[in-house]
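Structure first, commentary second.
Please treat every number below as a calculation from the coordinates, not as lab data. Keep in mind that what you see is a predicted model, and the values were worked out from it rather than measured. All Cβ positions, even for glycine, are placed from backbone atoms using ideal geometry, and neighbour counts span all protein chains on display.
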Amino acid sequence: MASLQQPAAPANERSYWGNVWQAVKSTAVGLGITFRYLWSKPFTVQYPDEKLPTDDRYRGIHYLEQDLCIYCQACAKACPVDCISMDAKRHGKELEWNFFRVDYQKCMFCELCVYPCPKDCIHMGREYALVAEDRSEFVLELTTWQGLTEAQKVRVAEAEAKKAAKKAAKKAAAAAKEDKEGEEK
Amino acid sequence: MDDTTMERPLREGERLVELDVRTQDVEINMGPQHPATHGVLRVLLRADGEILTGAQSHLGYLHRCAEKIGESVDWLQYLPYTDRYDYLSAMNNNLAYSLAVEKLLGIEVPERAQYIRVILAELNRICSHLVAVGTYGLDIGAFTPFFYALRERELLLDIFEKICGARLTYAFIRPGGLMNDAPAGWTDQVRAFTDLFERKWREYWDLLVDNKIFVERTANVGVISEEQAIAWGCTGPMLRGSGVDWDLRRDQPYLVYDRLDFEVVVGQGYRGTVGDCFDRNYVRMYEMLESNRIVRQCLEQMPEGEIQHPEVGLVLRPAPGEAYVGIENPRGELGHYLVSDGNKIARRLRVRGPSFSNLALAEHLLPGCMLADAAAIIGSVDIVVGETDR
Amino acid sequence: MAKDATRDTAWGPVEIHREAARAAADALRSAGCPVELHEPNLPTYAPPGEGKRLAKKHKEENPEYEWRGDSYLLLTDRLRLLEVARFLRDELGYDMLIDATAVDFDAADDHLWAVYQLLALGRKTRLTLKTMVPKADCRIDSLVPVWPAANWHEREAAEMFGIVYTGHPDPRPLLLPEDWVGHPLRKDYQYPDEYHGISCK
């Protein structure tokens, strides 16, 4: 059997005054504990004004580092309940985000979407309170902006200009070559 | 059935309650919403006055098609679903499933991962037994010990939250190792808990288990004989409470249990007959101490190193074949029988839940008992309906 | 503490169960029972081809995998199941039925497997017993007279696979509603469109 020694047999019956003494003593001990807590700081917090801190690894509502995301859909494929949906349009290297939604009616906070991410851009956050008056409010949008940002627009324009320039240069080169060939003939 | 009727000589301390007047039988629905059934279980009781004359369990209120889901999601994607059969011991469920998949794959995880797995499984066993004993007190009328039990469970949940981020459904022990390594300071937190727990354990024992009222309600109630427990396929504290010395951790050791020193607690009729409700709780109580010892040894022996098998990625394709692995869950043997055809989705995923088999016997214990003992007997089986229905 | 139990692998002992299967097969054969012993290779540690990188390559190189797993006993004549079960319990000490289930491996197969996991507490060994149940005549003897533990497991398998367990004392559905149509774990199961007016799509 267990290594711990067996508990002691029940105590013998006490006398009448023994019982009285026992009652007084146990009441005093019990009230002593109660009074000690009366002057101690409360353990409870005034939720939702105050919140207890959650741990670093806490699995709450996701957050997305949108500038890192490359729209590879690895997280959506890894999700057992298919709660992640996303849409974006590619302009060369830049992404024009339409939406990146997580349906928290389905999500079971298993963190399986976090591991396959090649860019390490989706994380489980620390927020846990999900309260809504309508079911559609549980579908959260994780993107912070939609469409192209100003910087992206500049980059896209630059890339397009570069591409156009390259194309023009190629065309010019081809034309020059044709001219040369024509001259030779 | 013939072998389950209660026709046997009375044991010492048992009273035969007999009524001179037979009244009309009354059918009582215990559940599906009843605090003592620990979930949505419905037991249809038939009572003649205060004496039960029949009982029938109706399952399926929490049936979530786990086995069918297993045939439609990836091997790894099924992991969060394992949390949900026995939600009080989710770490053990993860472990059982991961071991079965690893058997299909033919891999053994690194040693550090094995030690962390054992620590988590044993802490989860303490966590689960705390709820089992605490709510059992609640079932039969002792309100306070429940809060004492949940106080220590809170510390354990903090430990789990620190390592995996979740407090109930962990999805942490994955095929191939662990999701993450233990963070800094985690082992110290576990060590502090093990030191604290032995002191606190004494409180539950004095307050609840060795309480005269508790003993009166549980001793000699719902006695399961050794033969009955074996024939009905009971496992875990149900089997050990009936005096059968069987523990998969010792008798079919997996992970690193063969290097750890612990005792298998067997019911011995400390306050009544062997195999009564008291013995099942007695086994759970002492198992918590043994788990505590195991955790302490693991912390000492745990090596540094990898926590993940290097070959195992996120999409698994086990070779065609089959594997059965059963491990010792807090409630008994949790087995997974997996059949693979070489693809990334299981061909058949069978879950053998301990509560399922244990509950099958419970309805045969009830006829002949007092109506008030129904809660005591069903509570002592310690079912989690998530597992009986899956 | 008794340290006599063997641990071959991280998922539990293996060799002891293989030997037990061999011994059980010999004993059953000498008693005239129609059993075959199947001893597929166990997976080895970290075999090439199981990892994410090598899986695809390995599959292309070896399109035909061999079946792997524990040894099991295959009962060739399913009508003698009760007799074999009694022999296993009384003569060989398999006193506990851990699990009774069925497998529909492929919709094109003409049979289901009935799989029983047995445990001998005295000798600490496990045994897997399998038998084939033709889908055309889907009935098999109930093992409740031998191991009462089979009761609920068989009820579950009956509703999920449509196997009729003859001689079962209580053949009601267990987990599904009584009016559920079809057997959900069959591979040819069609999902219902609606159930009592509730759309299932």
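At-a-glance table
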{"quantity": "Percent antiparallel among DSSP beta bridges (both partners in the stretch C:15-175, rounded to 5)", "calculated": "75"}
{"quantity": "Mean Cβ count within 10 Å, highest first, over the residues of peptides B:192-199, C:81-88", "calculated": "C:81-88, B:192-199"}
{"quantity": "Environment charge at B:Leu138 (Cβ cut-off 14 Å; Lys +1, Arg +1, Asp -1, Glu -1)", "calculated": "0"}
{"quantity": "Three semi-axes of the equivalent ellipsoid, the protein assembly as shown, Cα gyration tensor, whole Å, largest first", "calculated": "50, 36, 26"}
{"quantity": "Ascending count of other beta-carbon atoms within 10 Å, so fewest first, for B:Ser72, A:Ser26", "calculated": "A:Ser26, B:Ser72"}
{"quantity": "Three-way shape call for the stretch B:270-320 based on the alpha-carbon gyration tensor, with the a/c threshold at 1.5", "calculated": "oblate"}
{"quantity": "Cut-off 9 Å between beta-carbons: net charge of the residues surrounding B:Val384, Lys and Arg +1, Asp and Glu -1", "calculated": "-2"}
{"quantity": "Against the rule of thumb 2.2 N^0.38 Å, how large the Cα Rg of chain C comes out", "calculated": "1.19"}
{"quantity": "Fluctuation leader among A:Ala76, A:Ala88, A:Ala23 - chain A, Gaussian network, Cα springs under 10 angstrom", "calculated": "A:Ala23"}
{"quantity": "Projected area, mean over directions - the stretch B:93-239, Cα convex hull, nm²", "calculated": "10.7"}
{"quantity": "Convex hull volume per residue in cubic angstrom - Cα atoms of the stretch A:62-141", "calculated": "90"}
{"quantity": "Peptide-level mean, for C:118-124, of C-beta atoms on other protein chains within 10 Å", "calculated": "3"}
{"quantity": "Exposure proxy ranking, count of Cβ atoms within 10 Å, fewest first, for C:Ile198, B:Ile307, B:Ile119", "calculated": "C:Ile198, B:Ile307, B:Ile119"}
{"quantity": "Residue of B:Gly233, B:Gly305, B:Gly368 that the Gaussian network model of chain B assigns the largest fluctuation, springs spanning Cα pairs under 10 Å", "calculated": "B:Gly305"}
{"quantity": "Per-q log10 I(q)/I(0), chain B, q = 0.07, 0.11, 0.14 Å⁻¹ (Debye; single scatterer per alpha-carbon; no solvent)", "calculated": "-0.32, -0.77, -1.20"}
{"quantity": "Shape of the stretch B:181-274, Cα gyration tensor, a/c cut at 1.5", "calculated": "oblate"}
{"quantity": "Burial ranking of peptide ranges B:53-61, B:163-171, B:220-228, C:95-103 (average Cβ count within 10 Å, highest at the top)", "calculated": "C:95-103, B:163-171, B:220-228, B:53-61"}
{"quantity": "Kirkwood hydrodynamic radius over Cα pairs of chain A, then Stokes diffusion coefficient at 37 °C and 0.692 mPa s, in µm²/s", "calculated": "137"}
{"quantity": "Under the span-like rule (Cα at least 18 Å along the axis, Kyte-Doolittle mean at least -0.5), DSSP H helices of chain B", "calculated": "B:90-105, B:111-139, B:144-164"}
{"quantity": "Candidates per trypsin sites (Lys or Arg not before Pro) in the stretch A:87-141, loop by DSSP, up to 14 other Cβ within 10 Å", "calculated": "A:Lys93, A:Lys106, A:Lys119"}
{"quantity": "Values of log10 I(q)/I(0), in the order q = 0.27 Å⁻¹, for the stretch A:140-185 under a Debye, Cα-only, solvent-free model", "calculated": "-0.90"}
{"quantity": "Most mobile of B:Ser128, B:Ser355, B:Ser340 in a GNM of chain B (Cα contacts under 10 Å)", "calculated": "B:Ser340"}
{"quantity": "Ascending count of other beta-carbon atoms within 10 Å, so fewest first, for C:Arg18, B:Arg284", "calculated": "C:Arg18, B:Arg284"}
{"quantity": "Stokes-Einstein D for the stretch B:298-390, Kirkwood Rh over Cα pairs, 25 °C, 0.890 mPa s (µm²/s)", "calculated": "146"}
{"quantity": "Per-peptide average of other Cβ atoms within 10 Å, ordering A:146-155, C:169-178 highest first", "calculated": "C:169-178, A:146-155"}
{"quantity": "Net charge contributed by nearby residues that have their C-beta within less than 11 Å of A:Cys79 (K/R +1, D/E -1)", "calculated": "-2"}
